[in-house]
Amino acid sequence: MSGKQSVTPEARVGDDLADAAPGEVVPAPAVGAGQGSVVFVGAGPGAGDLITLRGARVIAAADIIVWASSLVSPEVIAERRAEAEVIDSASAPLEALVPVYTRARDEGLLVARVHTGDPSLYGAIAEQRDLCERLGLAVQVVPGVSAFSAAAARVGAELTVPQVSQSLTITRLEGGRTPMPPGETIASFASHGATMAIYLSAARNKALQDALLAGGYPPQTPCVVGYAVSWPEEMVLRCPLAQLSATMRAHKLWKHTIVLVGPAVGAGPTGTRSHLYHPGFRHEYRDADPAVAAPLGVPETVSQRAGQPVTGRHSDGAVAGTPEVQPGDKQ
Ligand SMILES: C[S@@+](CC[C@H](N)C(=O)[O-])C[C@H]1O[C@@H](n2cnc3c(N)ncnc32)[C@H](O)[C@@H]1O
């Protein structure tokens with residue numbers, strides 16, 4: 001099937017594929033030494049040790065490193081070859097990279113194209129991949145820790161707490177300079193009441209709060225606001241949704257900020273158990289203990305979570321947003 005990219009799913013029904021196993025095997029990308037290639041490397045959210053080992057190895061081996069100094073920490077590219085060429089893409093349009101990529105192809109060079117977080121999210125790698133493939137370069141992507149993972153880790157949150165939320169919507173506020181596909185609105189996603197991670201929307205925090213409320217989240221729904229997570233200047237705050245905009249304005253968080261919303265990101269106990277670790281739940285690697293095969297119902301704390309004031313040390317509401325302070329943090 002490979003090479004039949006123009007065949008539509010409709011055209012496949014009933015044709016010679018009837019006897020073949022369904023699905024198209026995607027071969028592993030071939031990126032080798034001496035072959036012109038571009039590897040999109042996820043740099044992680046900021047801290048130099050939040051890049052993957054694979055990503056770091058690619059950077060260490062690269063002949064050319066293209067990175068955005070405005071978004072990626074210099075730590076991430078510190079371990080490079082002395083003779084590696086470093087190009088800052090912060091102010092360069094895609095076209096400016098054409099001569100670089102062409103030279104990489106002609107001279108068989110390895111380019112590490114370093115992206116903040118995970119390249120698959122708001123990384124504009126689709127257009128870059130198309131360009132590289134047009135130029136005849138091999139392309140590979142190394143995943144990275146995205147901002148939503150870093151923010152969740154920072155507050156110790158599980159974004160998919162059983163019976164609270166089993167879904168995560170990754171999105172941004174519509175109505176900005178980047179057009180959104182019809183149907184992708186904050187309010188429509190909010191109507192599910194599940195967990196949301198909202199990128200690229202800090203500057204319009206009032207519109208964001210209004211849309212989240214309009215979608216149906218209760219005003220007390222827990223929010224986590226993460227500014228420059230894992231950078232030295234990091235600030236992480238909790239607040240109820242009704243105070244989201246006031247919190248972001250009070251701390252002047254216009255950019256480099258991610259917002260997590262939903263009952264799962266609240267502080268305090270969840271009151272739920274997953275089936276996976278419940279002794280009364282049998283699975284492939286463990287028998288159930290019949291003595292504790294208790295029903296895994298919905299405890300009261302779960303139903304309280306979405307609408308209750310933010311719990312524990314975050315419940316006073318005196319300040320618009322309470323910084324999550326950990327030992328050693330600089331606020
Ligand atoms: C162009 S997008 C890139 C996202 C990136 N590919 C990722 O996976 O995290 C930039 C946006 O990501 C979010 N972001 C990236 N790194 C962040 C960090 N360290 N702390 C908070 N938000 C971050 C912010 O919403 C920022 O406006």
Separation between the His192 and Ala84 pseudo-spin-labels, each 7 Å from Cα along Cα→Cβ, expressed in nm? 3.7
Mind ranking 236-242, 60-66, 92-98, 156-162 by how tightly packed they are, going by the mean number of other C-beta atoms within 10 angstrom, highest first? 236-242, 60-66, 156-162, 92-98
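FYI, it's all coordinate maths here, none of it is from the lab. In this text the structure is predicted, and so the values were computed from the model without any measurement. Here the Cβ is made from the backbone with ideal geometry for all residues, glycine too, and neighbour counts use every protein chain on show.
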